[in-house]
Amino acid sequence: MKKISILGSTGSIGTQTLDVIRENPNEFEAVAISANSNVKMILEQIEEFKPKYAVMYEEEKAEELKKLIKKDSKTEILSGMEGLKKIASLDEVDIVLTAVVGMIGLVPTMCAIENKKDIALANKETLVTAGELVMNAAKENKVKILPVDSEHSAVFQSLNGENKRDVEKIILTASGGPFRGKKREDLLNITKNEALKHPNWDMGRKISIDSSTLMNKGLEVIEAKWLFDVKAEDIDVVVHPQSIVHSMVQYRDSSVIAQLGCPDMRLPIQYALTYPDRMETNFERLDFRKASELTFEEPDLETFPCLKLAYECLEKGGTYCTVLNAANEVLVNEFLDDKIGFYDIPKYIKIVLDEHESIENASLEEILKIDLETRENVKKLLSNN
């Protein structure tokens, strides 16, 4: 039985991970879970899965949870970053699934790696902000980084058994989000509710906005560079609105190997947990007689400049991707709070990127400092406008 620690058990990926565990109680055990602030949901998860530990990132929410939990519960309640670091490094845990949203995932993921825990990675910001650092630590500690994002899982599966030197190109697919086919003038006054309506996937609010700007695909391009050790120019993005081809690998003999399936995040989650084995599921099967049309388009970088910004940061290297991610996180929250417009997101990201003095081979401490400074700079910019 694999024992799992889930960082972010109340979000979309976390709840679907618990679905997989629920369906396979003899294969997996949730030893530890965590949430940011959703006391009600994590309380229900504690009662069902009975983990040894539960972490609330917000201290006051941890105190609230302690008062609500049943007196005979054996689950220990922890809080803050120290709580996340503890459940990421428990001796009995085999694999840590990182499903928290944002930069918060970096430190506990590094802690898990240093304690030689395999990582099922759903927190793309970890590799976006500190890809070289994380992958070097994983190599040094002989730790597997197993991708959970559907696109990276598809690439991972398409690379299985192949020789890396034969890879010519990685092709990431994008649904196009809710605004596929729109032009810039169509999106000047769109609202957060319109941006949150993803056509194919059930995702959290932050990732849904990132999908609408195509920043999510930009972050995935950066993540792919580190996961698969390829150059930025060898990663292509194509818009595939049906979300059936999850991504592809093109080889030097011109062959293209792809992974296909119905849109269901439980599949890449389960594959990361069972790798290198596969396990039977009751998930929907892809019926090619009904999937009669598979189309592919060039992404529109004029309408969706966030993807272009991500490529530029990856090519520049250093700490540009750290700044890109930090600025984006702040600006997405501002957009969700109705404080800025849709195109203010790429506008202010570009401003802070242009002002940034990059550091090569940055340490964890330097990355964390740059992340914090970027967030403060963005807030200052917004307050002055």
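Here are the numbers for the structure shown:
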{"item": "Projected area, mean over directions - the range 302-371, Cα convex hull, nm²", "result": "4.8 nm²"}
{"item": "The range 212-260: translational diffusion in µm²/s, Stokes-Einstein, Kirkwood Rh over Cα pairs, 20 °C, 1.002 mPa s", "result": "178 µm²/s"}
{"item": "Additional length obtainable on full extension of the chain from Lys379 to Asp253, 0.36 nm per residue less Cα span", "result": "40.4 nm"}
{"item": "Principal axis dimensions, largest first and in whole angstrom, of the chain by Cα", "result": "58, 55, 41"}
{"item": "Probe 1.4 Å, protein heavy atoms only - accessible area per residue of the chain in square angstrom", "result": "47 Å²"}
{"item": "Debye intensity ratio in log₁₀ form over the Cα atoms of the range 15-110, taken at each q of 0.21 Å⁻¹", "result": "-1.11"}
{"item": "Within the range 300-360, GluC sites (Glu not before Pro) in DSSP loop having at most 14 other beta-carbon neighbours inside 10 Å", "result": "Glu302, Glu357, Glu360"}
{"item": "For the range 241-288, fraction of C-alpha pairs farther apart than 17 Å, in %", "result": "47 percent"}
{"item": "Calculated P(r) of the range 294-333 - Cα pairs past 14 Å, %", "result": "56 percent"}
{"item": "Per-residue [θ]222 nm for the chain (sum of -39500 (n - 2.57) over DSSP H runs n ≥ 4, rounded to 500)", "result": "-14000 deg cm²/dmol"}
{"item": "Three semi-axes of the equivalent ellipsoid, the range 33-80, Cα gyration tensor, whole Å, largest first", "result": "15, 10, 10"}
{"item": "C-alpha center-to-center spacing [the range 259-294, the range 322-385] in angstrom", "result": "36 Å"}
{"item": "Sparsely packed GluC sites (Glu not before Pro) within the range 12-49, loop by DSSP, other Cβ within 10 Å at most 16", "result": "Glu27"}
{"item": "Calculated diffusion of the range 65-158, Stokes-Einstein form, Kirkwood radius summed over Cα pairs, 37 °C and 0.692 mPa s, µm²/s", "result": "231 µm²/s"}
{"item": "Percent carbon-and-sulfur accessible area, the chain, ignoring ligands, DNA and RNA, probe 1.4 Å", "result": "45 percent"}
{"item": "Charge context of Leu78, other residues only, Cβ under 15 angstrom, K/R +1, D/E -1", "result": "-1"}
{"item": "Measure of compaction for the range 258-350 (Cα Rg per 2.2 N^0.38 Å)", "result": "1.54"}
{"item": "Reciprocal of mean inverse Cα separation for the range 94-239 (Kirkwood radius, Å)", "result": "16.3 Å"}
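The values are calculated or read from the model by the stated rules, or taken from the named source; none is laboratory data. Here the structure is a predicted model, which is why all the values come from computation and not from measurement. Note that we place each Cβ from the backbone using ideal geometry, even for glycine, and neighbour counts take in every protein chain shown. Surface accessibility is based on the protein's heavy atoms, side chains included, excluding ligands, DNA and RNA. Shrake-Rupley method; radii C 1.70, N 1.55, O 1.52, S 1.80 Å.
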